[in-house]
1. Can you name every residue in segment 110-122 that is outside any loop (DSSP other than H, G, I, E, B) and over 17 Å from the mean Cα position of the chain (by Cα)?
2. Of the residues that sit in segment 4-38 and are part of a loop (DSSP other than H, G, I, E, B) and open to solvent by 10 Å² or more (accessible area, probe 1.4 Å), which one is nearest to Glu123 (Cα to Cα)?
3. When segment 56-107 is examined, which residues are found to be over 19 Å from the mean Cα position of the chain (by Cα) and of a type in the set (Val, Ile, Thr)?
4. Residue by residue through segment 30-77, note down the ones that are closer than 24 Å to Ala146 by Cβ and of a type in the set (Val, Ile, Thr).
5. Any chance you could count how many residues in segment 133-151 are over 15 Å from Met220 (Cβ atoms) and of a type outside the set (S, T, N, Q)?
6. With the requirement that a residue be among the polar types (S, T, N, Q) and either in contact (Cβ under 8 Å) with a residue 12 or more places away in the chain or under 20 Å from Ser17 (Cβ atoms) (or both), what does segment 43-90 give you?
Amino acid sequence: MKIVCIGGGHGLAQVLSAIKPMCNSLTAIVATTDNGGSTGKIRESQECIALGDIRRCCLQLAENRKALNSIYEHRFSEGVLDGHCLGNLTLLGLTELTKSPTKAVAYFNAILGNSETVLPMTEIPTDLIATLKNNEEVFGECAIDALDTLPTKVHLSKNVPAAPGCVSAILEADLIIIGPGSIITSVMPAFLVEEISLAIQETSACRIFIENTTLENSVMKHTSTTGIDWLQEHLGFKIYDLSISPSAIEEIFNDNKNALQSREHLHDIDELKNIFSELLKVPIQLCEQS
């Protein structure tokens, strides 16, 4: 089974770690609009895509994750490199050498010994811009997450093409997993790339959206609307066939209480493994019934 996972932040990394043992063809499409922390500083000085979530996903897939994390998650604490992560700098160096973020990620994956494919949503730097009710525009993920009112529109600062491999991966997939994670800053960015949005509508793959179990610590906490409903309303098209809610997960495992370790932590890798082991038995049938 060919599986594609789309998202960003910690949610996507945890999904990849959980789903990896269950398939032999796994591709991740990672949001590249983050502008905070080490990633934001690198983006500002080097005019590149966000590297932090890509680094996190690649490391999460590594077999010797504990040892490699101790190396590539190391953060410098002094001088001009203060706060920067070695993994981010490694990806930046590989990008300069290869002249291609996609190739840079492939090399980084090879260094880690990963056979899975990790793709940036685009190779061109772009940022999120939110428009408020008063037509004021707010630039960047950090500022958008800090808003106290939901925007009326979210778009990219620059229309960008999908990175090589993204569209074909979506169109050739048997199963697509979206989320969990922040709706606006982790899930939404990839679907603002026109080629990706068209592919997600054209694919014959079963598309599964994994909902968050707790309230987002972002601007989304200011709405009672379900995150996926808000997202689809603003995108103008449906991105999933089956949505896995916390209550649905409880129903799936109602005969196995040990499988539900904690509904408050859907990103827990062991719990995600339990969820996927059940879903992968009948994903197409589930989608047909939804």
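The values are calculated or read from the model by the stated rules, or taken from the named source; none is laboratory data. Quantities reported herein were computed from a predicted structural model and do not represent experimental measurements. Counting neighbours? That spans all protein chains shown, and the Cβs are built from the backbone with ideal geometry, glycine included. Just so you know, the surface numbers come from the protein's heavy atoms only, side chains and all, with ligands and any DNA or RNA stripped out. Shrake-Rupley method; radii C 1.70, N 1.55, O 1.52, S 1.80 Å.
1. First, pick out the residues of segment 110-122 that are outside any loop (DSSP other than H, G, I, E, B): 110-112, 117-120.
Matches in segment 110-122: Ala110, Ile111, Leu112.
2. Looking only at segment 4-38, we keep the residues that are part of a loop (DSSP other than H, G, I, E, B), and these are 8, 23-24, 31-36.
Narrowing the set further to residues that are open to solvent by 10 Å² or more (accessible area, probe 1.4 Å) leaves 23-24, 34-36.
Numbers: Cys23: 27, Asn24: 26, Asp34: 14, Asn35: 15, Gly36: 18 Å.
Per the stated criteria, the residue is Asp34.
3. Ile71, Val80, Thr90, Thr95, Thr98
4. Hits for segment 30-77 are Val30, Thr32, Thr33, Thr39, Ile42, Ile49, Ile54.
5. Of the residues in segment 133-151, 5 are over 15 Å from Met220 (Cβ atoms) and of a type outside the set (S, T, N, Q).
6. First, pick out the residues of segment 43-90 that are among the polar types (S, T, N, Q): 45-46, 60, 64, 69-70, 77, 88, 90.
Across segment 43-90, the qualifying residues are Gln46, Gln60, Asn64, Asn69, Ser70, Asn88, Thr90.
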